[in-house]
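Q: Okay, handing you the structure first.
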Amino acid sequence: MSTPLYGLLLTGGRSRRMQRDKATLDYAGQPQLARALALLEPLVTRAFVSVRADQLADPQRAAHACIADIMPGMGPIAGIHAALHAFPAAAWLVLACDLPFLDAATLQQLIAARDPRRLATAFRSSHDGKPEPLCAIFEPASLGPIDAWIAGGQLCPRSFLAAADVALLTLRSPQALDNINTGDEYRAARGRLGAGAGASEADAGSGDGDSGGEPGPQRQLQVRYFALLREQAGRHDEMLNSRARDARELYEELRERHGLLLRPEQLRVAVNAEFADWSQPLREGDSVAFLPPVAGG
């Protein structure tokens with residue numbers, strides 16, 4: 001019997017940068033959760049929504065079959081891990097819920113090129129050439145390696161795919177996997193999709209973030225990772241745009257994005273090469289470094 005292909009829509013993120021649940025954002029008159037499932041369901045045997053345990057009672061999610069994270073607080077890899085454990089004989093087509101430009105042709109390309117002999121089949125990012133883990137097919141054989149990856153303190157699914165036996169594809173539509181993380185990006189995406197450029201402030205996600213108060217203006221920041229954080233993030237540094245007002249808010253964003261395991265209390269932070277307090281305000285162009293404790297020190 002051939003391995004069944006199930007679908008998993010990841011909706012368990014906390015949407016800190018968006019300041020509103022990304023699965024509920026409206027594109028062309030329909031919430032993104034419903035839009036994504038409408039793409040996914042015709043192509044798989046069964047489709048599920050990946051959730052945190054505290055989201056199981058959410059009406060939009062509860063209307064569908066859900067799989068709750070077994071190991072919370074680990075970012076997207078927690079959803080993949082839970083699905084593989086729930087149905088270990090199935091392969092999983094995994095999708096992020098923040099891909100409004102995704103189309104059926106891209107998913108059909110992925111399925112047609114699926115290689116069940118490999119641990120996974122994924123696209124190369126059109127931005128940096130690295131594997132895209134959040135529109136990918138994970139085979140049943142990936143369960144053991146993912147368990148071992150997590151047990152070793154590694155939580156970045158992109159780094160997992162980069163180190164694994166994976167079939168990599170070139171996207172025919174380079175923008176299909178562009179994700180949407182901020183209010184500005186959401187307004188621009190609505191315009192591109194024909195919903196008009198004038199999304200309301202409520203739609204754009206203002207004022208109800210995890211830290212309270214109004215989010216800061218968007219700034220370009222350089223982030224540097226050291227030691228274990230470098231391994232977990234799968235990179236030495238990156239440039240990003242963020243509305244984080246201080247180093248603590250920035251680190252919480254990065255914990256969600258990369259599945260960073262260390263807590264802020266375990267780290268020191270430096271801003272522009274000088275040790276700083278977690279509450280130090282961030283400014284355009286700042287360089288922020290997160291430093292785990294040195295072993296033996």
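Q: Being among the aliphatic types (A, V, I, L, M), in the same structural domain as ILE70 (by TED's automatic domain parsing), over 19 Å from the mean Cα position of the chain (by Cα) and modelled with pLDDT under 90, is that true of even one residue in the range 26-35?
A: There is at least one residue in the range 26-35 that is among the aliphatic types (A, V, I, L, M), in the same structural domain as ILE70 (by TED's automatic domain parsing), over 19 Å from the mean Cα position of the chain (by Cα) and modelled with pLDDT under 90.
Q: Can you tell me which residue is nearest to LEU93 (Cα to Cα) among those in the range 118-145 that are touching a Ser or Thr at 6+ places or on another chain (Cβ under 8 Å) and in a loop (DSSP other than H, G, I, E, B)?
A: Checking each candidate, the answer is GLU139.
Q: When you scan the range 272-285, do you find a residue that is buried (at least 16 other Cβ atoms within 10 Å of the Cβ) and assigned to a strand (DSSP E or B), even just one?
A: yes
Okay, residues lined up against (1) surrounded by 17 or more Cβ atoms within 10 Å (Cβ to Cβ); (2) at pLDDT below 95; (3) of a type in the set (Phe, Trp, Tyr):
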residue	(1), (2), (3)
SER50	yes, no, no
ALA57	no, yes, no
MET74	yes, yes, no
HIS85	no, no, no
LEU95	yes, no, no
LEU99	yes, yes, no
LEU107	yes, no, no
ALA120	yes, no, no
PRO140	yes, no, no
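Q: Let me ask another. Looking for whichever is farther than 17 Å from LEU8 by Cβ and in contact with a Gly (Cβ under 9 Å, 6 or more places away or on another chain) here; the options are ALA176, ALA162. Which one fits?
A: Going through ALA176, ALA162 in turn, the sole match is ALA162.
Q: Specify the residue that is farthest from LEU37 (Cα to Cα); the eligible residues are those in the range 84-123 that are in contact (Cβ under 8 Å) with a residue 60 or more places away in the chain and either outside the structural domain of LEU43 (by TED's automatic domain parsing) or in contact with an Asp or Glu (Cβ under 7 Å, 6 or more places away or on another chain) (or both).
A: Step by step, filter the range 84-123, then rank; the result is PRO116.
Q: Of all residues being out of contact with any His (no Cβ under 8 Å at 6 or more places or on another chain) and either surrounded by 15 or more Cβ atoms within 10 Å (Cβ to Cβ) or closer than 17 Å to LYS22 by Cβ (or both) in the range 212-226, which is modelled with the lowest pLDDT? Just the residue, please.
A: PRO215
Q: Look through the range 161-195, keep the residues that are over 30 Å from ALA141 (Cα atoms) and basic (Lys, Arg), and return whichever of them is modelled with the lowest pLDDT.
A: ARG192
Q: Give the residues of the range 156-175 that are crowded, with 20+ Cβ neighbours inside 10 Å and in a loop (DSSP other than H, G, I, E, B), sorted by residue number.
A: Within the range 156-175, just CYS156 meets the criteria.
Q: Where residues in the range 240-297 are at pLDDT 90 or above and β-branched (Val, Ile, Thr), which of them is nearest to ASN181 (Cα to Cα)?
A: VAL288
Q: Could you tell me which residue of the range 247-271 is farthest from the chain's Cα centre (by Cα), considering only residues that are in a loop (DSSP other than H, G, I, E, B) and of a type outside the set (A, V, I, L, M, F, W, C)?
A: ARG263
Q: Answer yes or no as to whether ARG14 is at pLDDT below 95 and out of contact with any strand residue (DSSP E or B) (no Cβ under 8 Å at 6 or more places or on another chain).
A: Yes; evaluated as a whole, the condition is true for this residue.
Q: Against the definition (under 18 Å from ALA167 (Cβ atoms) and among the aromatic types (Phe, Trp, Tyr)), how does PHE87 come out, yes or no?
A: no
The values are calculated or read from the model by the stated rules, or taken from the named source; none is laboratory data. Being a predicted model, the structure only gives us computed values, none of them experimental. We place every Cβ from the backbone using ideal geometry, glycine too, and count neighbours over all the protein chains shown.
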